[in-house]
Amino acid sequence: MKLVIWRILSKAVSVRSGNTAAGEKHLYRRANSTVFIRNLWLSSKLCGKTQGSSKKKELTEKKLTRYFVDQRRVKLQAGSGGDGCCSFHSEPRKEWGGPDGGNGGNGGDIIIKVNKQIKSLSLISAAYRGENGESGRSKNCYGRNAAPKYIQVPVGTVVKEQGRTVADLAHHRQEYVAVHGGAGGKGNRFFLSNENRAPMTSTAGETGEGRVLQLELRTMAHAGLVGFPNAGKSSLLRAISNARPAVAAYPFTTLNPHVGVVKYRDHEQLAVADIPGIIRGAHLNRGLGLSFLRHIERCRFLLFVLDMSSPEPWDELRCLRFELDQYEAGLSQRPHAIVANKMDLRGTQEKLEELKSRAEQRIIPLSALTGNNTEELIIHLRELYDDHKEENTFNW
């Protein structure tokens with residue numbers, strides 16, 4: 001016992017002292033001409049925690065793509081009702097007790113509920129099943145109703161069934177009862193009447209509803225940045241809001257929609273969405289295709305971001321409008337403005353004059369890299385927001 005205590009104390013002293021190696025210390029004990037030798041090789045680096053603040057690494061755009069899911073197909077099956085009970089009251093010196101079978105409980109519903117803390121449909125399972133209600137018992141005991149099951153979805157989720165929209169969940173804590181649980185069965189006490197004083201009938205619980213639904217997430221934002229790949233949309237969102245999307249010198253850097261919030265002095269907040277790059281033929285599901293064109297439907301007004309270093313930026317504007325109209329008629333006619341980005345490069349001033357002669361809408365020249373003239377865009381965003389504030393059906 002003393003040897004065990006001495007070993008424990010020697011380990012504790014060596015760890016507290018912070019020695020990098022305590023192997024020089026040996027414990028000797030002679031008993032019956034036998035020598036027990038033990039080398040204590042303890043390292044403070046292995047036993048103690050590494051000093052320093054552990055900073056959480058930011059997820060890259062490629063890893064974020066694994067977690068971001070904007071559509072799910074789910075199979076829902078509500079709970080069945082409990083069966084009714086068929087029994088008769090049995091008590092000493094009471095021969096004709098009568099029926100006392102209780103009713104079964106109702107099955108559990110499955111409810112889709114909006115939670116603003118959730119940003120993706122990645123946590124949605126492929127199938128959900130509600131709880132069944134408890135069966136009735138003797139002595140007129142009713143079965144307990146099953147609790148409903150909630151499916152948490154982000155704001156802006158659209159519920160479809162066979163291509164038809166059945167629910168549009170655009171508000172926090174909004175609920176939609178997807179499937180209803182089955183009703184509980186009736187016990188024989190329920191069938192007691194003056195004509196039948198000893199009913200032997202009891203019914204089984206009903207089966208719950210079953211449906212197959214398609215969940216689609218559409219980004220909720222006031223303004224949407226629309227443009228070709230590598231037009232500087234992510235850099236522009238970083239310059240005017242608190243969002244920090246990935247920025248790189250190659251196309252399709254952004255693979256998921258990012259939402260940034262622009263804050264004003266009067267505490268008004270405006271949400272701006274960075275839609276992944278659109279290419280020619282996107283309405284035919286080319287490139288990222290239809291999977292991200294539907295995120296533009298929620299935006300109240302659009303910002304066409306043009307790369308002024310391209311040979312013909314006015315041709316890009318025409319192609320962007322064409323792709324939006326092919327996806328949904330009149331989508332490009334929503335209130336919008338044209339953002340001429342990358343004005344810090346050479347040869348862009350002549351292209352800006354040519355673009356002004358071809359376009360009738362307001363053009364805001366700026367540089368997202370240097371931050372030049374971004375104040376004009378922020379002010380114009382507030383003007384568009386105030387003009388179409390009554391159309392905003394969601395709160396941030």
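The values are calculated or read from the model by the stated rules, or taken from the named source; none is laboratory data. In this text the structure is predicted, and so the values were computed from the model without any measurement. Counting neighbours? That spans all protein chains shown, and the Cβs are built from the backbone with ideal geometry, glycine included. Note: areas computed on protein heavy atoms with side chains; ligands, DNA, RNA excluded. Shrake-Rupley method; radii C 1.70, N 1.55, O 1.52, S 1.80 Å.
The numbered conditions (1) buried (at least 16 other Cβ atoms within 10 Å of the Cβ); (2) under 15 Å from Leu236 (Cβ atoms) are all true for Glu375 except (1). Screening Leu384, Leu377, Leu352 for residues that are at pLDDT 90 or above, under 30 Å from the mean Cα position of the chain (by Cα) and not basic (Lys, Arg) leaves exactly one candidate, Leu377.
Yes or no, residue by residue, for (1) touching a strand residue (DSSP E or B) at 6+ places or on another chain (Cβ under 7 Å); (2) basic (Lys, Arg); (3) open to solvent by 70 Å² or more (accessible area, probe 1.4 Å); (4) at pLDDT 90 or above:
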site	(1), (2), (3), (4)
Ile296	yes, no, no, no
Gly330	no, no, no, no
Gln333	no, no, yes, no
Val339	yes, no, no, yes
Arg346	no, yes, yes, no
Gln361	yes, no, no, no
Pro365	yes, no, no, yes
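If you go through region 81-93 one residue at a time, do you hit one that is under 30 Å from Lys160 (Cβ atoms), open to solvent by less than 90 Å² (accessible area, probe 1.4 Å) and modelled with pLDDT of 90 or more? So far as region 81-93 goes, yes, one or more of its residues are under 30 Å from Lys160 (Cβ atoms), open to solvent by less than 90 Å² (accessible area, probe 1.4 Å) and modelled with pLDDT of 90 or more. Working only within region 74-103, note down all residues that are closer than 19 Å to Glu134 by Cα, within 37 Å of the chain's Cα centre (by Cα) and not hydrophobic (A, V, I, L, M, F, W, C). Across region 74-103, the qualifying residues are Gln77, Gly79, Ser80, Gly81, Gly82. For Ala147, the criteria (1) open to solvent by 10 Å² or more (accessible area, probe 1.4 Å); (2) hydrophobic (A, V, I, L, M, F, W, C); (3) assigned to a loop (DSSP other than H, G, I, E, B); (4) touching a residue at least 40 places away in the same chain (Cβ under 8 Å) hold in every case but one, which is (4).
In region 46-80, the qualifying residues are those that are open to solvent by 20 Å² or more (accessible area, probe 1.4 Å), under 30 Å from His295 (Cβ atoms) and in a loop (DSSP other than H, G, I, E, B), and the one that is modelled with the highest pLDDT is Val69. Within region 184-218, if we keep just the residues that are touching a Cys at 6+ places or on another chain (Cβ under 8 Å) and buried (at least 23 other Cβ atoms within 10 Å of the Cβ), the residue that is farthest from Leu76 (Cα to Cα) turns out to be Asn188.
Within region 114-130, the residues that satisfy the criterion of being within 17 Å of Arg211 (Cβ to Cβ) and open to solvent by 60 Å² or more (accessible area, probe 1.4 Å) are Ala126, Ala127, Arg129.
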